[in-house]
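Everything below concerns the one structure shown next.
The values are calculated or read from the model by the stated rules, or taken from the named source; none is laboratory data. Not measured: the values here are computed from a predicted model. For neighbour counting, all protein chains shown are included, and Cβ atoms are generated from backbone atoms with ideal geometry for every residue, glycine included. The area values use the complete protein model at the heavy-atom level, side chains included, leaving out ligands, DNA and RNA. Shrake-Rupley method; radii C 1.70, N 1.55, O 1.52, S 1.80 Å.
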Amino acid sequence: VPVNTVNKQGFKNMIRSLDKRYVIPSRTYFSQVAIPELYEKCKLQVKTELSQVTYYAATTDLWSSRTTEPYIRLTIHFINEDFQLKSRCLQTAFSPEDHTSENIATGMREALSAWGLDERRLVCITTDNAANMVKAAALNKWTRLQCFGHRLHLAIENAVKKDGRIDRATGICKKLVGHFSHSWKARSALEKVQKELNLPAHSLISECQKRWGSRQMMISRVLEQQKALTQVLSEDKKARHLIPTWQDIDVLESVSKTLGPLLDFTDALSGEDYVSVSYVKPVLHLFNTSMLLMQEEDTDLTKSLKKEILCYINEKYKDDATQELLDVASCLDPRFKLDFISADNKPRVKVRVASEMMECQEETASCSIEVEPEVAETSHAKKAKKSLGSFFKLSRSAAKGDSSVTLKDAVEAELGNYLLTPSIDKEHDPLAWWKTHRVSFPHLAKLARRYLSIPATSSPSERLFSASGNIITCQRSSLKPAMVNRLVFCHGSASFSHVFLGPVAEP
């Protein structure tokens, strides 16, 4: 709620009835003291947390407020030492400059630098498919993953817009929703008919232009309530023209049959509390082998939609760099391993994983220097007898000369043992498995922390924009960008937020 709530008489009366001793801090206290202090406290704790991060991924997106002020958000994702997936919103920065790829690239690099994050530790950044975002990642020479949800949305929109029958049928659905949304009499009649026909007492769903799933839910609800809608509309002479024809129903059923099974995938891959990137390759395989595979009973429209969606998706994910990134992520997930990787790509994935395992070990070795304690010999010390085993010890120089071979053998053995272990259940948490088996597979566990932190979609950044919209309301449209950044950051760091509400008066 707005800070000026503390000045409203109703709020004051409520607090007075709760505790007459309590002195409500002023609006100025919250805006100039409490919120800045809370922001600095959360920022310090987040910086402390990030100082222990080895590798991280990122998501970013652009957003305009109610007052059309442009903001750019940067969120990072990482897996900590305890194998917990974490997300931290670093900034919601006011960006009045032109949103060119150069400005975006510079802004993101400056944001990482301000938080003390080495951009060389950035594994991947997930963005939508806007040209400026794509070029910005290329300018920074960052590995980029396209947002799966945005790509699926474009695939469906591309397939749907090619058939005029779908536009007419969905247009009828929108008019139906509008009629029952604006007429209390029509809604009451619909509820009555639903009871008579033993249909679920569900309301109609409106479509959101930016979410293809909302259109699918609208169509499904219209098909579910078709009998009730027809009966109510037929009794109203002015609304009879809204009754869908049998041709419209056939089109809606074909669209629903194609898009219905895809609806759950976008939501499932948009989470940020669990591993999602390793799902992309299995989902693409599922699309090609079952979900979008043409069936004999499919209508011509259903077959056409499936073909268009599948061709678009496969075309956009055929890039070698993207395929290799998704293959490595899938390989490091103990639920999938090499199951959904093509036979031609398996040797290449194994070589890359083994190479990066060796790199991880070399980085660890360069950061830690082993110092062996030396025992000073004195003239009074009794000379110890050599044991039989001491004759077989290698000298330090000999051991160093053979270390590369030993490391390579160890890496290959570790990778081979991992691939031979049975895959875990598809609904189990891969991070929990890695936490248990990190001792058995130490090099692979480091790679898992690196790659499994990548989000499959840019939804984490987009989701916080919803919070921004709840903060910059019509009554708070004059909030300064610095205050917006503080409020959104504290919202995203809710686990760190503890506000001091001021002193309590003596009884």
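Per-structure values
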| item | result |
| --- | --- |
| Residue check, Lys12 open to solvent by 40 Å² or more (accessible area, probe 1.4 Å) and under 20 Å from the mean Cα position of the chain (by Cα) | no |
| Members of the range 413-438 found to be more than 15 Å from Gln361 (Cβ to Cβ) and assigned to a loop (DSSP other than H, G, I, E, B), listed by number | Thr421, Pro422, Ser423, Ile424, Asp425, Lys426, Glu427, His428, Asp429 |
| Hits in the range 437-483 - residues which are more than 24 Å from Asp82 (Cβ to Cβ), surrounded by 20 or more Cβ atoms within 10 Å (Cβ to Cβ), at pLDDT 70 or above and touching a strand residue (DSSP E or B) at 6+ places or on another chain (Cβ under 6 Å) | Ser458 |
| Number of positions in the range 201-228 that are among the basic types (Lys, Arg) and part of a helix (DSSP H, G or I) | 3 |
| Residue check, Glu69 open to solvent by less than 60 Å² (accessible area, probe 1.4 Å) and without any contact (Cβ under 8 Å) to a residue 24 or more places away in the chain | no |
| Thr258 under 26 Å from Asp128 (Cα atoms), in contact with a His (Cβ under 9 Å, 6 or more places away or on another chain) and assigned to a helix (DSSP H, G or I) | no |
| Residue ID - farthest from Ala445 (Cα to Cα), chosen from residues in the range 309-361 that are touching a residue at least 60 places away in the same chain (Cβ under 8 Å) and polar (S, T, N, Q) | Thr322 |
| Odd one out for Leu338, checked against (1) part of a helix (DSSP H, G or I); (2) out of contact with any Ser or Thr (no Cβ under 7 Å at 6 or more places or on another chain); (3) surrounded by 14 or more Cβ atoms within 10 Å (Cβ to Cβ) | (1) |
| Some residue of the range 209-217 being open to solvent by 20 Å² or more (accessible area, probe 1.4 Å) and touching a helix residue (DSSP H, G or I) at 6+ places or on another chain (Cβ under 6 Å) | no |
| Those strands (runs of 3 or more DSSP E) lying entirely in the range 76-193 with at least 3 residues crowded, with 20+ Cβ neighbours inside 10 Å and at pLDDT below 90 | 85-94 |
| Hits in the range 256-279 (condition: touching a Gly at 6+ places or on another chain (Cβ under 8 Å) and buried (at least 19 other Cβ atoms within 10 Å of the Cβ)) | Thr266, Leu269, Ser270 |
| Residue satisfying all of: in the range 280-308; β-branched (Val, Ile, Thr) and in contact (Cβ under 8 Å) with a residue 24 or more places away in the chain; surrounded by the most Cβ atoms within 10 Å (Cβ to Cβ) among these | Val280 |
| Near pairs, Cβ below 6 angstrom, 6+ apart or cross-chain, from the range 226-247 (free of Cβ contacts under 8 Å to residues at least 12 places away in the same chain and of a type in the set (Phe, Trp, Tyr)) to any residue that is open to solvent by 50 Å² or more (accessible area, probe 1.4 Å) and not in a loop (DSSP other than H, G, I, E, B) | none |
| Some residue of the range 134-155 being over 16 Å from Gly213 (Cα atoms) and of a type in the set (Phe, Trp, Tyr) | yes |
